[in-house]
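K.L.:
Here it is, the structure, as structure tokens.
The values are calculated or read from the model by the stated rules, or taken from the named source; none is laboratory data. Predicted model, so just to flag it, every value in this text is computed and none were measured. Because the Cβ atoms are built from the backbone with ideal geometry, glycine has one as well, and the counts that use them run over all protein chains shown.
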There are 2 protein chains.
Amino acid sequence: MSTIKDVAKYTGLSIATISKYINGGNVLEQNRELIKNAIEKLEYKRNDMARGLKTNKTMTIGILIPSLENIFFTTIVSIIEDILQDSGYGTIICDFKENVDLEQKKLEFLVSKNVDGIIMVSYGGDLEYIKSLSGKEIPVILLDRMIKGVDLDVVVADNLNASYQAVEELIIKKHKRIGIICGPKNTYTADERRKGYIRVHQDYNLDIDEKLMFNGRYTVESGYNGLEALKKMENPPTALLVTNYEMTIGAIMAINDLNIVVPSELSIIGFDNIQMAKVVRPPLSIVEQPMKEIGETAAKLLLKRLKGDYASFPAVHRLKTKVHIKESVQKLVN
Amino acid sequence: MSTIKDVAKYTGLSIATISKYINGGNVLEQNRELIKNAIEKLEYKRNDMARGLKTNKTMTIGILIPSLENIFFTTIVSIIEDILQDSGYGTIICDFKENVDLEQKKLEFLVSKNVDGIIMVSYGGDLEYIKSLSGKEIPVILLDRMIKGVDLDVVVADNLNASYQAVEELIIKKHKRIGIICGPKNTYTADERRKGYIRVHQDYNLDIDEKLMFNGRYTVESGYNGLEALKKMENPPTALLVTNYEMTIGAIMAINDLNIVVPSELSIIGFDNIQMAKVVRPPLSIVEQPMKEIGETAAKLLLKRLKGDYASFPAVHRLKTKVHIKESVQKLVN
DNA sequence: CCTCCAGCGCGAAACGTTTAGCTCTATAAT
DNA sequence: ATTATAGAGCTAAACGTTTCGCGCTGGAGG
């Protein structure tokens, strides 16, 4: 492997000039050409480790997500990775298996690896620690969930209006008793989605029956339980919104097991995974989050911060979702 | 951030001795203690970049998979990552979006990042290039697919016996005309799965009707087309094996669209994703690959190679699969 | 008592960059 | 003609490690 020294020797120029060239400094046109050829000829490749030693930059970005088995996150990661790679950054991806203790540990791992920036989805690990990072001038971007009281850039879906619009579709179709299977209390996304549900009821002057609001844990099992509970109640809902992918799966499993006919016995709108929506019968209506946009926005924002551009910090990007209505939703006649 | 120098100054020992301690060399017990305390006190952290500059090790492993949106691969990656992290390695994960050109590019990216080792799933990129890596004494482990004529460690599922056993289940249930939706010709996994199909037919003295063997492209769409084609033929199969996750999805979509009743009109066994198997109606029989085992085996093997232990190189690990029969398969009466 | 040797520690060079500060030259401004 | 200025290149130090080769010490073997 040839080094900057070899290029210097080959061209007759000094090491400093080569370095200047590499980093885009001012070099005479004729020397530019000379260096360019030499680099090609000698197959010179910059040594990121030597460079990192001087600059304290590793050219790697840490990405931390709750689970690598959750396609919502991995899709976003895939997009982020591509964009960062075009700027020469490698990405170290960690998941914490939905475990808050592990979240902390993995975050520390990333920091110990000297990443230049972090994009993360937090389930509420050590907020103090996360805050302390923002002091270390290593840019951190929060994905999917905001954290109260932490001044960091954030990219989220418009969760409130997502559930607002989904429920609105059901209301327009004359449903009066609409159930919702939500995430845990005090979880950002869940709280927002709950707010949307409540607000649309208010806007349409519909009463809210607290019993129709089931709080799950964003797991398959809790989705299953939620559907069971709602179906067993005295005056069960005629329509239902399930607010994440895993719980949607659980709910559908319960629907199958209980032999509930969709949509005549229950209209249902799920969340997130378009592909699955096509596999189940009848085709499932879903709320689609703008994964591509989320990934792009986060990656570009991070790149901007890495360049030292802290304009409008902390920025909050709230991206629009889309509701796809399919045969799993029925219009009630009254 | 304190350096090895600070520790030396603090303890009154030389830099060399501290380095020795850090790397597990011989140091007097009393000095060990001294150094240990100093490190703690000064919060000394080894600088991997400086170290890397000397040793040419980055303590990062490259992982290359076809798609981050394929849960089969991401599950394996998640396991690998955990194990490597326990040994201090970070992992740079790249996907190539099922695109062979991109495979090559991403692989080069990983190499340019000076990873210490690579675990990859190849769709058949530049074999010469991959071979050249094995010359560079950077260990490479092939996952999921073997490549002919390349001497590298390999961890794969026992694809041949996977389809053998799945089809055997159908044969035992008296099916005589069994269809298979397979991957592309000249693809390792697909060829193996085809072989299993053929061998079990031979072992049970059943004729093979070439028309029952559909070659898809491991995509949702080709699974859909495959089912359509098989169903439209003159003497359609009574049972079907679909040999990857995406094509299984496609096949189920087609079954829904064509209103085919499972299992009375068609028995079906799918591949890979247990969760999905529970969501569709009736519950889907599937072939499960040992993802956990695959990940563990690959990670541990790589760790071994990184230590310079090249015992039994190149090693081939062929791991057993498991067939889960559910209501989607029916026993024929004759 | 001398010689060897192992164990432990040390000094210093090296890894491949970046960058501050300098010199030199050519041109513009006076 | 003189001076100021900007552009281009150079020298050398520094980043934080690892490691080679050496020296010292003390105990074992003769």
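K.L.:
What tally of residues in the range A:1-23 results from selecting those that are more than 14 Å from chain B (Cβ to nearest Cβ), within 12 Å of DNA strand C (Cβ to nearest atom) and not charged (D, E, K, R)?
P.N.:
Adding up the residues that qualify gives 13.
K.L.:
With respect to residue B:40, determine if the residue is modelled with pLDDT of 95 or more and farther than 25 Å from residue B:82 by Cα. Give the steps one after another, and end with the answer.
P.N.:
Numbers: modelled with pLDDT of 95 or more: yes; farther than 25 Å from residue B:82 by Cα: yes.
Criteria met by residue B:40.
K.L.:
Moving on. May I ask you to verify whether residue A:164 is touching a Ser or Thr at 6+ places or on another chain (Cβ under 9 Å) and hydroxyl-bearing (Ser, Thr, Tyr)? I'd like the intermediate steps shown before the answer.
P.N.:
On the way: touching a Ser or Thr at 6+ places or on another chain (Cβ under 9 Å): no; hydroxyl-bearing (Ser, Thr, Tyr): yes.
No, not satisfied.
K.L.:
Just to be sure, is residue B:106 of a type in the set (D, E, K, R) and touching a strand residue (DSSP E or B) at 6+ places or on another chain (Cβ under 8 Å)?
P.N.:
Values: of a type in the set (D, E, K, R): yes; touching a strand residue (DSSP E or B) at 6+ places or on another chain (Cβ under 8 Å): yes.
Yes.
K.L.:
Can you find a residue that is away from DNA strand C (no atom under 16 Å from the Cβ), assigned by TED's automatic domain parsing to the domain that holds residue B:9, more than 15 Å from residue B:120 (Cβ to Cβ) and assigned to a helix (DSSP H, G or I) anywhere in the range B:67-81? Before you say what the answer is, go through the steps one by one.
P.N.:
Within the range B:67-81, the subset away from DNA strand C (no atom under 16 Å from the Cβ) is B:67-81.
Filter again for assigned by TED's automatic domain parsing to the domain that holds residue B:9, leaving none.
No, there is no match, as no residue in the range B:67-81 is away from DNA strand C (no atom under 16 Å from the Cβ), assigned by TED's automatic domain parsing to the domain that holds residue B:9, more than 15 Å from residue B:120 (Cβ to Cβ) and assigned to a helix (DSSP H, G or I).
K.L.:
Which residue pairs have Cβ atoms closer than 6 Å, lie 6 or more positions apart in sequence or on different chains, and pair a first residue in the range A:1-23 that is within 25 Å of residue B:111 (Cβ to Cβ) and in a helix (DSSP H, G or I) with a second residue that is more than 10 Å from DNA strand D (Cβ to nearest atom) and among the aromatic types (Phe, Trp, Tyr)?
P.N.:
Qualifying pairs under 6 Å: A:7/A:44.
K.L.:
Is it true that residue A:58 is within 14 Å of chain B (Cβ to nearest Cβ) and part of a strand (DSSP E or B)?
P.N.:
no
K.L.:
Across the range B:24-55, what is the total count of residues that are over 30 Å from residue A:47 (Cα atoms) and either touching a residue at least 24 places away in the same chain (Cβ under 8 Å) or within 12 Å of DNA strand D (Cβ to nearest atom) (or both)? Show your work before the answer.
P.N.:
Of the range B:24-55, the ones over 30 Å from residue A:47 (Cα atoms) are B:26-38, B:40-41.
Those left that are additionally either touching a residue at least 24 places away in the same chain (Cβ under 8 Å) or within 12 Å of DNA strand D (Cβ to nearest atom) (or both): B:26-28, B:35, B:38, B:41.
Count: 6.
K.L.:
Somewhere in the range A:199-220, is a residue within 14 Å of another protein chain (Cβ to nearest Cβ) and under 26 Å from the mean Cα position of the chain (by Cα)?
P.N.:
Yes - at least one qualifying residue is present in the range A:199-220.
K.L.:
With assigned to a loop (DSSP other than H, G, I, E, B), farther than 18 Å from residue B:242 by Cα and not assigned by TED's automatic domain parsing to the domain that holds residue B:79 as the only criterion, which of B:331, B:326 stands out? Break it down into steps so the answer makes sense when it comes.
P.N.:
Details: B:326 fails: farther than 18 Å from residue B:242 by Cα.
After applying the criteria, what remains is B:331.
K.L.:
Something else about it: Suppose we keep only residues that are within 14 Å of chain A (Cβ to nearest Cβ) and part of a loop (DSSP other than H, G, I, E, B) within the range B:24-51. Which one would you say is farthest from DNA strand C (Cβ to nearest atom)?
P.N.:
Within the range B:24-51, the first condition is being within 14 Å of chain A (Cβ to nearest Cβ), and the residues that meet it are B:43-51.
This time we only want the ones that are part of a loop (DSSP other than H, G, I, E, B), so: B:43-47.
Working: B:43: 21, B:44: 16, B:45: 18, B:46: 14, B:47: 11 Å.
Here the answer is B:43.
K.L.:
Looking for something surrounded by 21 or more Cβ atoms within 10 Å (Cβ to Cβ), assigned to a helix (DSSP H, G or I), under 32 Å from the mean Cα position of the chain (by Cα) and more than 16 Å from DNA strand D (Cβ to nearest atom) - is there at least one such residue anywhere in the range A:87-95?
P.N.:
Step one: list which residues in the range A:87-95 are surrounded by 21 or more Cβ atoms within 10 Å (Cβ to Cβ), which gives A:89-95.
Remaining after also requiring assigned to a helix (DSSP H, G or I): none.
No.
K.L.:
While we're here: Counting only residues that are more than 19 Å from residue A:107 (Cβ to Cβ) and within 16 Å of DNA strand C (Cβ to nearest atom), which one in the range A:82-92 is nearest to the other protein chains (Cβ to nearest Cβ)?
P.N.:
From the range A:82-92, those more than 19 Å from residue A:107 (Cβ to Cβ) are A:82-83, A:85-88; that's our starting set.
Keeping just the survivors that are within 16 Å of DNA strand C (Cβ to nearest atom) gives A:87-88.
Values: A:87: 12, A:88: 9 Å.
Ranking the candidates gives A:88 first.
K.L.:
From the list B:273, B:244, B:256, pick out the single residue that is under 30 Å from residue B:151 (Cβ atoms) and outside the structural domain of residue B:92 (by TED's automatic domain parsing).
P.N.:
Details: B:273 fails: under 30 Å from residue B:151 (Cβ atoms); B:256 fails: under 30 Å from residue B:151 (Cβ atoms).
After ruling out the rest, the residue left standing is B:244.
K.L.:
In addition: Look through A:272, A:257 and report the one residue that is within 14 Å of another protein chain (Cβ to nearest Cβ), surrounded by fewer than 18 Cβ atoms within 10 Å (Cβ to Cβ) and at pLDDT below 95.
P.N.:
A:257
K.L.:
Any residue in the range A:233-243 that is under 22 Å from the mean Cα position of the chain (by Cα) and away from every other protein chain (no Cβ under 14 Å)?
P.N.:
Yes.
K.L.:
Mind counting the residues in the range A:190-208 that are crowded, with 22+ Cβ neighbours inside 10 Å and either in contact with a Lys or Arg (Cβ under 6 Å, 6 or more places away or on another chain) or over 25 Å from residue A:224 (Cβ atoms) (or both)?
P.N.:
Qualifying residue count, the range A:190-208: 1.
K.L.:
Can you go through A:227, A:143, A:170 and tell me which one is at pLDDT 95 or above and either assigned by TED's automatic domain parsing to the domain that holds residue A:72 or surrounded by fewer than 17 Cβ atoms within 10 Å (Cβ to Cβ) (or both)?
P.N.:
Details: A:227 fails: either assigned by TED's automatic domain parsing to the domain that holds residue A:72 or surrounded by fewer than 17 Cβ atoms within 10 Å (Cβ to Cβ) (or both); A:170 fails: either assigned by TED's automatic domain parsing to the domain that holds residue A:72 or surrounded by fewer than 17 Cβ atoms within 10 Å (Cβ to Cβ) (or both).
Exactly one residue qualifies, and that residue is A:143.
K.L.:
Select the strands (runs of 3 or more DSSP E) contained entirely in the range B:151-263, then report the ones holding at least 2 residues which are over 21 Å from residue B:291 (Cα atoms).
P.N.:
Values: elements: B:153-157, B:178-182, B:213-215, B:239-242.
Per the criteria, B:178-182, B:213-215, B:239-242.
K.L.:
Mind listing whichever residues of the range B:114-149 are polar (S, T, N, Q) and either more than 21 Å from residue B:187 (Cβ to Cβ) or in contact with a Cys (Cβ under 7 Å, 6 or more places away or on another chain) (or both)? Let's see the steps before the verdict.
P.N.:
Going residue by residue through the range B:114-149, those that are polar (S, T, N, Q) are B:114, B:122, B:132, B:134.
Listed by number, the residues that qualify are B:114, B:132, B:134.
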